[in-house]
Amino acid sequence: MPDLYAALGVSRQATTEEIRSAYKSLSLQHHPDRPTGNEAKFKEIQEAHEVLSDEGRRAAYDRTGSIQEGGSVGGFPGFGGFGFPGGNPMAAGGIPFSFMGGGGFGIPEVHFDMGDMFNGLFGGGAGKPRRRGGKGPNKFHDIGVRIQDFYKGHDIKLKFNQARKCTGCSGSGAEATEPCAPCGGAGRRTMMRPIGPNMIAQTQVDCEICSGEGKRVMRVCRGCQGKKLVESEKQLEIKVGPGMRDGQKVPFVGACSDSLEYDTPGDVVLTLQCVVPESYEWKGDDLWVTTKITYAESVLGFTKTLADHPSGREIVVSWQGGPLLHGATLRREGLGMPLMPLMPLMPSGGQGSAGPSHGALYLRIQVVPPPVVPWSSEDAAKLQSVLGGVAASLSPTGETLAFVPPS
Ligand SMILES: [Zn+2]
Ligand SMILES: [Zn+2]
(Lines give C-alpha, C1' and ligand atoms only; values in the text may rest on other atoms or scores of the structure.)
(Ligands and ions follow the chains in the order given, each with its own letter.)
Protein backbone atom coordinates (compact mmCIF):
# COMPACT_ATOMS: atom_id res chain seq x y z
CA MET A 1 0.00 0.00 0.00
CA PRO A 2 1.36 3.44 -0.85
CA ASP A 3 2.25 5.75 2.01
CA LEU A 4 -0.73 8.05 2.52
CA TYR A 5 1.36 10.98 3.68
CA ALA A 6 3.63 10.64 0.67
CA ALA A 7 0.58 10.52 -1.60
CA LEU A 8 -0.39 13.98 -0.37
CA GLY A 9 3.21 15.18 -0.15
CA VAL A 10 2.90 16.10 3.53
CA SER A 11 4.84 15.12 6.62
CA ARG A 12 3.47 12.76 9.23
CA GLN A 13 3.12 15.73 11.55
CA ALA A 14 1.00 17.66 9.03
CA THR A 15 -1.94 19.58 10.49
CA THR A 16 -5.50 19.03 9.31
CA GLU A 17 -5.26 22.30 7.45
CA GLU A 18 -2.05 21.29 5.67
CA ILE A 19 -3.60 17.98 4.67
CA ARG A 20 -6.69 19.67 3.37
CA SER A 21 -4.73 22.23 1.44
CA ALA A 22 -2.44 19.62 -0.13
CA TYR A 23 -5.48 17.55 -1.03
CA LYS A 24 -7.17 20.46 -2.73
CA SER A 25 -4.30 21.50 -4.91
CA LEU A 26 -3.33 17.93 -5.82
CA SER A 27 -6.86 16.86 -6.69
CA LEU A 28 -7.21 19.83 -8.91
CA GLN A 29 -3.93 19.10 -10.63
CA HIS A 30 -4.62 15.41 -11.15
CA HIS A 31 -8.35 15.45 -11.81
CA PRO A 32 -8.96 13.18 -14.83
CA ASP A 33 -10.93 15.97 -16.54
CA ARG A 34 -7.89 18.17 -16.64
CA PRO A 35 -5.09 18.07 -19.20
CA THR A 36 -2.65 17.32 -16.37
CA GLY A 37 -5.00 14.66 -14.99
CA ASN A 38 -3.95 11.21 -13.89
CA GLU A 39 -6.70 8.92 -12.78
CA ALA A 40 -4.54 6.55 -10.74
CA LYS A 41 -2.80 9.39 -8.95
CA PHE A 42 -6.14 11.13 -8.42
CA LYS A 43 -7.61 8.06 -6.79
CA GLU A 44 -4.59 7.69 -4.55
CA ILE A 45 -4.98 11.29 -3.39
CA GLN A 46 -8.67 10.76 -2.66
CA GLU A 47 -7.99 7.67 -0.61
CA ALA A 48 -5.19 9.30 1.32
CA HIS A 49 -7.39 12.26 2.13
CA GLU A 50 -10.33 10.05 3.10
CA VAL A 51 -8.24 8.45 5.79
CA LEU A 52 -6.02 11.32 6.93
CA SER A 53 -8.86 13.83 7.22
CA ASP A 54 -10.67 11.58 9.65
CA GLU A 55 -9.01 11.80 13.04
CA GLY A 56 -9.93 8.30 14.11
CA ARG A 57 -8.87 6.66 10.86
CA ARG A 58 -5.68 8.68 10.74
CA ALA A 59 -4.76 7.56 14.25
CA ALA A 60 -5.51 3.95 13.31
CA TYR A 61 -3.38 4.28 10.19
CA ASP A 62 -0.50 5.82 12.16
CA ARG A 63 -0.70 2.97 14.60
CA THR A 64 -1.15 0.03 12.23
CA GLY A 65 0.06 1.33 8.89
CA SER A 66 -3.07 -0.07 7.27
CA ILE A 67 -6.31 1.48 6.12
CA GLN A 68 -9.49 0.53 7.90
CA GLU A 69 -12.65 0.72 5.92
CA GLY A 70 -14.65 3.84 6.54
CA GLY A 71 -17.92 2.48 7.79
CA SER A 72 -16.86 -0.60 9.58
CA VAL A 73 -14.59 0.61 12.34
CA GLY A 74 -15.91 -1.02 15.46
CA GLY A 75 -19.20 -1.93 13.82
CA PHE A 76 -19.84 1.76 13.28
CA PRO A 77 -23.29 2.27 11.83
CA GLY A 78 -23.56 4.57 8.87
CA PHE A 79 -21.90 4.76 5.53
CA GLY A 80 -19.03 2.77 4.28
CA GLY A 81 -16.77 4.30 1.69
CA PHE A 82 -18.07 6.30 -1.18
CA GLY A 83 -18.34 4.73 -4.55
CA PHE A 84 -19.98 5.23 -7.85
CA PRO A 85 -22.60 3.13 -9.57
CA GLY A 86 -21.10 0.65 -11.98
CA GLY A 87 -20.03 1.70 -15.41
CA ASN A 88 -18.45 4.93 -14.38
CA PRO A 89 -14.81 5.03 -15.47
CA MET A 90 -13.91 6.33 -12.04
CA ALA A 91 -15.98 3.76 -10.23
CA ALA A 92 -13.26 2.61 -7.94
CA GLY A 93 -14.87 4.11 -4.86
CA GLY A 94 -13.56 6.50 -2.29
CA ILE A 95 -13.84 9.59 -4.45
CA PRO A 96 -15.62 12.26 -2.45
CA PHE A 97 -14.09 14.97 -4.61
CA SER A 98 -16.34 14.18 -7.50
CA PHE A 99 -19.70 14.99 -5.98
CA MET A 100 -20.29 17.36 -8.79
CA GLY A 101 -23.88 16.43 -9.55
CA GLY A 102 -24.77 16.98 -13.17
CA GLY A 103 -21.89 19.38 -13.66
CA GLY A 104 -18.96 19.20 -16.00
CA PHE A 105 -17.51 16.05 -14.55
CA GLY A 106 -20.21 13.88 -16.07
CA ILE A 107 -21.06 12.12 -12.82
CA PRO A 108 -24.78 12.51 -12.32
CA GLU A 109 -24.94 11.02 -8.89
CA VAL A 110 -22.96 9.12 -6.38
CA HIS A 111 -23.50 6.12 -4.30
CA PHE A 112 -22.60 5.30 -0.76
CA ASP A 113 -21.65 1.72 -0.35
CA MET A 114 -22.88 0.25 2.88
CA GLY A 115 -21.64 -3.24 2.22
CA ASP A 116 -19.04 -2.79 4.93
CA MET A 117 -21.67 -2.13 7.48
CA PHE A 118 -23.54 -5.31 6.76
CA ASN A 119 -20.37 -7.29 6.79
CA GLY A 120 -19.57 -5.77 10.15
CA LEU A 121 -22.94 -6.57 11.64
CA PHE A 122 -23.78 -9.89 10.12
CA GLY A 123 -20.53 -11.25 8.82
CA GLY A 124 -19.39 -14.62 10.01
CA GLY A 125 -18.05 -14.65 13.53
CA ALA A 126 -18.63 -10.95 14.07
CA GLY A 127 -20.68 -11.76 17.13
CA LYS A 128 -23.64 -9.94 18.52
CA PRO A 129 -23.08 -6.19 18.59
CA ARG A 130 -23.16 -4.75 22.07
CA ARG A 131 -26.31 -2.78 22.84
CA ARG A 132 -25.45 0.79 23.65
CA GLY A 133 -28.81 2.50 23.26
CA GLY A 134 -29.38 6.19 22.64
CA LYS A 135 -28.50 7.94 19.45
CA GLY A 136 -25.86 6.49 17.19
CA PRO A 137 -22.74 8.43 16.28
CA ASN A 138 -22.83 10.98 13.50
CA LYS A 139 -20.99 10.28 10.31
CA PHE A 140 -18.90 13.02 8.69
CA HIS A 141 -17.87 13.28 5.11
CA ASP A 142 -16.34 15.87 2.85
CA ILE A 143 -17.95 16.75 -0.44
CA GLY A 144 -15.85 18.45 -3.10
CA VAL A 145 -17.73 21.34 -4.67
CA ARG A 146 -16.34 23.44 -7.48
CA ILE A 147 -16.12 27.15 -6.85
CA GLN A 148 -18.39 27.86 -9.82
CA ASP A 149 -21.08 25.77 -8.13
CA PHE A 150 -20.78 27.91 -5.02
CA TYR A 151 -21.02 30.95 -7.28
CA LYS A 152 -24.11 30.00 -9.26
CA GLY A 153 -25.76 27.55 -6.91
CA HIS A 154 -25.97 23.84 -7.57
CA ASP A 155 -27.95 20.81 -6.48
CA ILE A 156 -26.02 17.71 -5.52
CA LYS A 157 -27.77 14.39 -5.14
CA LEU A 158 -26.14 11.67 -3.13
CA LYS A 159 -27.47 8.16 -3.37
CA PHE A 160 -26.69 5.76 -0.60
CA ASN A 161 -28.04 2.61 0.93
CA GLN A 162 -29.70 3.18 4.24
CA ALA A 163 -30.69 0.44 6.65
CA ARG A 164 -33.89 0.77 8.65
CA LYS A 165 -35.47 -1.53 11.19
CA CYS A 166 -37.54 -4.13 9.37
CA THR A 167 -41.19 -3.11 9.58
CA GLY A 168 -42.40 -6.68 8.98
CA CYS A 169 -41.01 -7.87 12.30
CA SER A 170 -40.58 -4.52 14.09
CA GLY A 171 -36.86 -5.19 14.11
CA SER A 172 -37.11 -8.48 15.98
CA GLY A 173 -35.98 -10.59 13.04
CA ALA A 174 -38.70 -13.14 13.77
CA GLU A 175 -42.21 -13.75 12.50
CA ALA A 176 -43.01 -15.98 15.42
CA THR A 177 -41.29 -16.48 18.76
CA GLU A 178 -41.74 -18.51 21.90
CA PRO A 179 -40.48 -17.66 25.36
CA CYS A 180 -36.99 -18.98 26.02
CA ALA A 181 -37.36 -21.95 28.33
CA PRO A 182 -33.99 -21.89 30.15
CA CYS A 183 -34.52 -18.32 31.39
CA GLY A 184 -38.30 -18.42 31.53
CA GLY A 185 -38.50 -15.54 29.09
CA ALA A 186 -36.66 -13.15 31.39
CA GLY A 187 -33.52 -13.00 29.26
CA ARG A 188 -31.47 -13.05 32.50
CA ARG A 189 -30.24 -15.89 34.61
CA THR A 190 -28.87 -15.96 38.09
CA MET A 191 -25.43 -17.46 38.40
CA MET A 192 -24.05 -18.69 41.69
CA ARG A 193 -20.35 -18.73 42.20
CA PRO A 194 -18.45 -19.69 45.34
CA ILE A 195 -16.08 -16.87 46.29
CA GLY A 196 -14.85 -18.19 49.61
CA PRO A 197 -15.64 -20.51 52.44
CA ASN A 198 -19.38 -20.49 52.92
CA MET A 199 -19.72 -17.54 50.60
CA ILE A 200 -21.58 -17.57 47.33
CA ALA A 201 -21.91 -14.66 44.96
CA GLN A 202 -25.07 -14.33 42.94
CA THR A 203 -24.78 -12.51 39.69
CA GLN A 204 -27.29 -11.77 36.97
CA VAL A 205 -26.04 -12.56 33.49
CA ASP A 206 -27.61 -12.51 30.04
CA CYS A 207 -29.14 -15.85 29.15
CA GLU A 208 -26.70 -17.43 26.70
CA ILE A 209 -29.42 -19.44 24.98
CA CYS A 210 -31.45 -16.43 23.84
CA SER A 211 -28.65 -13.84 24.11
CA GLY A 212 -30.74 -11.93 26.63
CA GLU A 213 -33.75 -11.59 24.33
CA GLY A 214 -36.01 -13.74 26.48
CA LYS A 215 -37.47 -15.49 23.47
CA ARG A 216 -36.52 -17.88 20.76
CA VAL A 217 -37.18 -17.45 17.09
CA MET A 218 -39.70 -19.98 15.80
CA ARG A 219 -39.89 -18.59 12.29
CA VAL A 220 -37.38 -16.15 10.81
CA CYS A 221 -38.84 -12.95 9.31
CA ARG A 222 -38.96 -13.24 5.54
CA GLY A 223 -38.74 -9.47 5.11
CA CYS A 224 -35.24 -9.22 6.55
CA GLN A 225 -34.12 -12.88 6.63
CA GLY A 226 -33.75 -12.44 10.36
CA LYS A 227 -31.24 -9.60 10.00
CA LYS A 228 -33.68 -7.19 11.68
CA LEU A 229 -32.62 -4.43 9.30
CA VAL A 230 -33.58 -3.81 5.70
CA GLU A 231 -31.47 -1.79 3.33
CA SER A 232 -32.91 0.50 0.69
CA GLU A 233 -31.59 3.18 -1.59
CA LYS A 234 -32.06 6.73 -0.36
CA GLN A 235 -31.06 10.06 -1.75
CA LEU A 236 -29.77 13.16 -0.01
CA GLU A 237 -30.24 16.45 -1.78
CA ILE A 238 -27.83 19.23 -1.03
CA LYS A 239 -28.72 22.65 -2.33
CA VAL A 240 -25.50 24.59 -2.66
CA GLY A 241 -26.74 28.16 -2.77
CA PRO A 242 -25.02 31.48 -3.43
CA GLY A 243 -23.64 32.79 -0.17
CA MET A 244 -22.66 29.38 1.16
CA ARG A 245 -19.07 29.13 2.22
CA ASP A 246 -16.14 26.81 1.86
CA GLY A 247 -16.15 24.45 4.85
CA GLN A 248 -19.91 24.86 5.43
CA LYS A 249 -21.52 21.90 7.17
CA VAL A 250 -24.80 20.48 5.94
CA PRO A 251 -26.42 18.12 8.47
CA PHE A 252 -29.02 15.48 7.63
CA VAL A 253 -30.64 14.53 10.89
CA GLY A 254 -31.03 10.79 11.41
CA ALA A 255 -29.80 9.89 7.94
CA CYS A 256 -27.34 7.26 9.13
CA SER A 257 -28.45 3.67 9.10
CA ASP A 258 -30.39 2.09 11.93
CA SER A 259 -28.24 -0.37 13.81
CA LEU A 260 -28.68 -3.05 16.38
CA GLU A 261 -26.52 -1.10 18.79
CA TYR A 262 -28.37 2.17 19.02
CA ASP A 263 -32.00 3.23 19.45
CA THR A 264 -31.92 6.00 16.87
CA PRO A 265 -29.56 6.60 13.97
CA GLY A 266 -26.96 9.37 13.94
CA ASP A 267 -26.84 12.30 11.58
CA VAL A 268 -24.95 12.49 8.34
CA VAL A 269 -22.94 15.70 8.35
CA LEU A 270 -21.48 16.72 5.02
CA THR A 271 -18.79 19.38 4.78
CA LEU A 272 -18.63 21.30 1.55
CA GLN A 273 -15.00 21.53 0.48
CA CYS A 274 -14.41 24.09 -2.18
CA VAL A 275 -12.21 23.20 -5.10
CA VAL A 276 -10.68 26.37 -6.48
CA PRO A 277 -8.47 26.72 -9.58
CA GLU A 278 -4.83 27.16 -8.51
CA SER A 279 -4.64 30.79 -9.50
CA TYR A 280 -7.60 31.83 -7.35
CA GLU A 281 -8.09 32.27 -3.65
CA TRP A 282 -11.46 32.73 -1.95
CA LYS A 283 -11.31 34.96 1.13
CA GLY A 284 -14.55 36.03 2.77
CA ASP A 285 -16.67 37.52 -0.02
CA ASP A 286 -13.69 38.30 -2.20
CA LEU A 287 -11.67 36.53 -4.83
CA TRP A 288 -7.94 36.96 -5.20
CA VAL A 289 -6.08 36.07 -8.33
CA THR A 290 -2.41 36.35 -9.10
CA THR A 291 -1.72 38.01 -12.44
CA LYS A 292 1.68 37.91 -14.08
CA ILE A 293 2.60 40.86 -16.25
CA THR A 294 5.75 41.75 -18.12
CA TYR A 295 8.08 44.54 -17.18
CA ALA A 296 6.76 46.57 -20.13
CA GLU A 297 3.17 46.01 -18.98
CA SER A 298 4.08 47.08 -15.48
CA VAL A 299 5.15 50.44 -16.88
CA LEU A 300 2.75 50.93 -19.79
CA GLY A 301 -0.40 49.18 -18.49
CA PHE A 302 -2.06 45.96 -19.66
CA THR A 303 -5.27 44.22 -20.73
CA LYS A 304 -5.76 40.61 -19.69
CA THR A 305 -8.47 37.98 -19.96
CA LEU A 306 -8.95 36.01 -16.75
CA ALA A 307 -9.62 32.34 -17.30
CA ASP A 308 -11.57 30.24 -14.79
CA HIS A 309 -13.59 33.05 -13.21
CA PRO A 310 -16.30 31.22 -11.19
CA SER A 311 -19.05 33.15 -12.97
CA GLY A 312 -18.07 31.24 -16.12
CA ARG A 313 -17.72 34.57 -17.93
CA GLU A 314 -14.54 35.76 -19.55
CA ILE A 315 -13.48 38.67 -17.42
CA VAL A 316 -11.27 41.23 -19.16
CA VAL A 317 -9.28 43.38 -16.78
CA SER A 318 -7.22 46.37 -17.78
CA TRP A 319 -4.98 48.89 -16.12
CA GLN A 320 -3.78 52.13 -17.68
CA GLY A 321 -3.09 54.04 -14.50
CA GLY A 322 0.68 54.29 -14.50
CA PRO A 323 3.60 52.10 -13.43
CA LEU A 324 2.91 49.19 -11.09
CA LEU A 325 5.41 47.63 -8.77
CA HIS A 326 5.75 43.92 -8.18
CA GLY A 327 3.38 42.96 -5.37
CA ALA A 328 0.90 45.76 -6.10
CA THR A 329 -2.80 44.95 -5.65
CA LEU A 330 -5.67 46.12 -7.86
CA ARG A 331 -9.31 45.82 -6.88
CA ARG A 332 -12.63 45.73 -8.69
CA GLU A 333 -15.97 45.62 -6.87
CA GLY A 334 -18.70 43.19 -7.87
CA LEU A 335 -16.48 40.47 -9.36
CA GLY A 336 -16.05 38.49 -6.12
CA MET A 337 -18.21 35.74 -4.66
CA PRO A 338 -21.96 36.13 -4.02
CA LEU A 339 -22.84 37.62 -0.65
CA MET A 340 -25.10 35.73 1.73
CA PRO A 341 -28.64 36.81 0.84
CA LEU A 342 -30.14 38.77 3.75
CA MET A 343 -33.60 37.33 3.16
CA PRO A 344 -34.40 33.74 2.35
CA LEU A 345 -34.55 33.18 -1.38
CA MET A 346 -38.01 34.03 -2.73
CA PRO A 347 -40.27 31.13 -3.58
CA SER A 348 -40.87 30.58 -7.26
CA GLY A 349 -42.94 33.28 -8.90
CA GLY A 350 -41.64 36.20 -6.87
CA GLN A 351 -38.05 36.45 -7.97
CA GLY A 352 -36.09 38.51 -5.43
CA SER A 353 -35.20 42.07 -6.31
CA ALA A 354 -31.71 41.99 -7.77
CA GLY A 355 -30.27 38.66 -6.67
CA PRO A 356 -27.28 38.49 -4.39
CA SER A 357 -24.58 41.09 -4.84
CA HIS A 358 -20.92 40.18 -4.88
CA GLY A 359 -17.64 40.89 -3.16
CA ALA A 360 -14.56 42.23 -4.88
CA LEU A 361 -11.96 40.77 -7.20
CA TYR A 362 -8.36 41.52 -6.29
CA LEU A 363 -5.49 41.22 -8.72
CA ARG A 364 -2.17 40.51 -7.10
CA ILE A 365 0.41 41.78 -9.53
CA GLN A 366 3.55 39.80 -10.23
CA VAL A 367 6.00 41.54 -12.50
CA VAL A 368 8.09 39.10 -14.49
CA PRO A 369 11.05 41.12 -15.70
CA PRO A 370 13.20 40.05 -18.60
CA PRO A 371 16.75 39.14 -17.53
CA VAL A 372 18.08 42.34 -19.07
CA VAL A 373 16.17 45.26 -20.57
CA PRO A 374 17.85 46.46 -23.79
CA TRP A 375 18.81 50.04 -23.19
CA SER A 376 20.53 52.95 -24.83
CA SER A 377 21.56 56.40 -23.70
CA GLU A 378 18.72 57.79 -25.87
CA ASP A 379 16.19 55.59 -24.01
CA ALA A 380 17.62 56.82 -20.72
CA ALA A 381 17.30 60.43 -21.82
CA LYS A 382 13.66 59.95 -22.88
CA LEU A 383 12.69 58.31 -19.60
CA GLN A 384 14.58 60.91 -17.68
CA SER A 385 12.38 63.57 -19.29
CA VAL A 386 9.28 61.72 -17.98
CA LEU A 387 10.52 60.58 -14.61
CA GLY A 388 12.97 63.33 -13.69
CA GLY A 389 16.08 62.33 -11.78
CA VAL A 390 19.66 62.29 -12.82
CA ALA A 391 21.27 59.94 -15.31
CA ALA A 392 24.06 57.77 -13.97
CA SER A 393 27.48 59.20 -14.66
CA LEU A 394 31.01 58.20 -13.95
CA SER A 395 32.13 58.95 -10.49
CA PRO A 396 34.60 61.81 -10.45
CA THR A 397 36.63 60.13 -7.76
CA GLY A 398 37.66 56.57 -7.19
CA GLU A 399 37.40 53.63 -9.52
CA THR A 400 34.13 52.91 -11.38
CA LEU A 401 33.52 49.34 -12.41
CA ALA A 402 31.14 49.13 -15.37
CA PHE A 403 29.12 45.91 -15.45
CA VAL A 404 27.95 44.16 -18.59
CA PRO A 405 25.00 41.76 -19.09
CA PRO A 406 25.84 38.09 -18.94
CA SER A 407 26.22 36.71 -22.46
ZN1 LIG B 1 -33.15 -17.28 27.56
ZN1 LIG C 1 -37.96 -8.61 9.58
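The values are calculated or read from the model by the stated rules, or taken from the named source; none is laboratory data. These figures come from a predicted structure and were not determined experimentally. Ideal geometry is used to build each Cβ from the backbone, glycine not excepted, and the neighbour counts take in all protein chains shown. Just so you know, the surface numbers come from the protein's heavy atoms only, side chains and all, with ligands and any DNA or RNA stripped out. Shrake-Rupley method; radii C 1.70, N 1.55, O 1.52, S 1.80 Å.
Worth a mention:
- Among the listed pairs Lys24/Lys135; Lys43/Lys234; Lys157/Lys292, those beyond 28 Å (Cα-Cα): Lys24/Lys135; Lys157/Lys292
- Once all protein chains are placed together, Arg12 keeps about 110 Å² accessible to a 1.4 angstrom probe.
- Per-pair calculated FRET efficiency, R0 = 51 Å: Val250 and Lys215 via Cβ, rounded to 0.05: 0.75
- Accessible area in square angstrom per residue, the range 219-331, 1.4 angstrom probe: 51
- Amide H partners (placed H, <5 Å) of Ser357, local residues excluded: Leu339
- The trypsin sites (Lys or Arg not before Pro) found in the range 203-295 that occupy coil by DSSP, while having at most 15 further C-beta atoms within 10 Å, are Arg222, Arg245.
- In plain terms, the chain from Thr190 to Glu18 could stretch by 56.3 nm, reckoned as 0.36 nm per residue minus the Cα-Cα distance.
- Backbone N under 17 Å from the Val386 label point (7 Å along Cα→Cβ), restricted to the range 299-326: 299-303, 319-326
- Computed over the range 155-246, the P(r) curve from all C-alpha pair distances, binned at 5 Å from the origin, holds 3, 12, 12, 12, 10, 9, 8, 7, 7, 6, 5, 3, 2, 1, 1, 0 percent per bin.
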